[in-house]
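Okay, structure first, notes after.
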Amino acid sequence: MRNVFDRLAVFEETKRGAQSRAGRMLMTVAFVSCVALNGGLEVQANTGTVEIRDRSVTPMHLFAVKGEPVHLTIMNEGKQVHNFVIPDFYIFTQNMQPGETVQVGFTPDKTGTYPFYSDTGGKPEPGISGTLRVRDVSGNP
């Protein structure tokens, strides 16, 4: 996090001259949000990579827009067999061997928050789950 704050200080110093205090605060919030999103905490789902490990999935939260195609690369980075499932959109990959990668594509046709997970063996695996949030084009849930 120190690197983020160092970058923020440089950014703030660069913009200080012509900006009002309120304007600087808005830019600061936007900058921190971009760093957090690009840092892997959350990604936009339109195109992205999901890495599955034996007890985790990265990222845990995906975002998409209703009616816009989603293209995901699913990578099994674990040492066990895993798959990727978004049941509400009928996405069910084959069981992937360690090191295997598959492509998933779909177009969300409804808004809301939906679970995704690996269910090798017929039931969700502990720790290997997350959510897909689909909003309409205006940003409403």
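The values are calculated or read from the model by the stated rules, or taken from the named source; none is laboratory data. Here the structure is a predicted model, which means the values were calculated and not measured. Please note: Cβ atoms are built from the backbone with ideal geometry, for glycine as well, and neighbour counts cover all protein chains shown.
Give segment 109-124 a look and list any residue that's touching a strand residue (DSSP E or B) at 6+ places or on another chain (Cβ under 8 Å) and modelled with pLDDT of 95 or more, or say none.
Of segment 109-124, the ones touching a strand residue (DSSP E or B) at 6+ places or on another chain (Cβ under 8 Å) are 110-120, 124.
Residues satisfying the conditions are K110, T111, G112, T113, Y114, P115, F116, Y117, S118, D119.
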ask   = Any idea which residue in segment 86-119 is surrounded by the most Cβ atoms within 10 Å (Cβ to Cβ), counting only those that are in contact with a Ser or Thr (Cβ under 8 Å, 6 or more places away or on another chain), more than 14 Å from S56 (Cα to Cα) and hydrophobic (A, V, I, L, M, F, W, C)?
value = V104
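For the structure I just gave you, tell me whether V50 is over 20 Å from V137 (Cβ atoms), touching a Leu at 6+ places or on another chain (Cβ under 6 Å), in contact (Cβ under 8 Å) with a residue 24 or more places away in the chain and not in a loop (DSSP other than H, G, I, E, B). Before the answer, list the steps.
Details: over 20 Å from V137 (Cβ atoms): yes; touching a Leu at 6+ places or on another chain (Cβ under 6 Å): yes; in contact (Cβ under 8 Å) with a residue 24 or more places away in the chain: yes; not in a loop (DSSP other than H, G, I, E, B): yes.
Taking the combined requirement at face value, the residue satisfies it.
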message = Anything in segment 76-92 that is within 19 Å of the chain's Cα centre (by Cα) and among the aliphatic types (A, V, I, L, M)? List them, or say none.
response = V85, I86, I91
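Mind checking which residues of segment 24-63 are of a type in the set (G, A, S) and at pLDDT 95 or above?
Within segment 24-63, the first condition is being of a type in the set (G, A, S), and the residues that meet it are 30, 33, 36, 39-40, 45, 48, 56.
Of everything in segment 24-63, just one residue is of a type in the set (G, A, S) and at pLDDT 95 or above, namely S56.
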